[in-house]
Amino acid sequence: MNTANLQLEGLLIAMASMTNLLVAKGLVSTEEIAGSLDRSEQTVLGDYRVEEMDPAQRDVIAFPIRLLKLANNGGSPGEVQTFSELAKLVGQTKDSYNDQA
């Protein structure tokens, strides 16, 4: 396995844990985090380059954001699901794009 992928897995779980901590401390709400992540996903999928990409490449760009959105919505307060659990959920919950049959 590519070590960069493993580093990204660790980084995403760390970010999920930090957002969970911010919510637990009352600094932000899960709704505010969800809104921020929604805007991030819209930004990356609205980039001009996305038109040149196939659906699998678009999913790759959106994957980290979608994973963090699921981490924000699930699990017990103070607890973050594992990367593999969240990655599986991303695949199960993603929608098709307009150009997909």
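The values are calculated or read from the model by the stated rules, or taken from the named source; none is laboratory data. Being a predicted model, the structure only gives us computed values, none of them experimental. Don't worry about glycine lacking a Cβ; one is built from the backbone with ideal geometry, like all the others, and counts go over all protein chains shown.
Quick notes on this structure:
- Tally of residues being without any contact (Cβ under 8 Å) to a residue 40 or more places away in the chain, more than 25 Å from Gln7 (Cα to Cα) and surrounded by 11 or more Cβ atoms within 10 Å (Cβ to Cβ) across region 26-41: 4
- Residue check: Val23 meets all listed conditions (1) surrounded by 15 or more Cβ atoms within 10 Å (Cβ to Cβ); (2) at pLDDT 90 or above; (3) out of contact with any Ser or Thr (no Cβ under 9 Å at 6 or more places or on another chain) but one, namely (3).
- Of all residues in region 49-90, those satisfying the criterion of being surrounded by 11 or more Cβ atoms within 10 Å (Cβ to Cβ), among the small types (Gly, Ala, Ser) and either out of contact with any helix residue (DSSP H, G or I) (no Cβ under 8 Å at 6 or more places or on another chain) or modelled with pLDDT under 90 (or both) are Gly74, Gly75.
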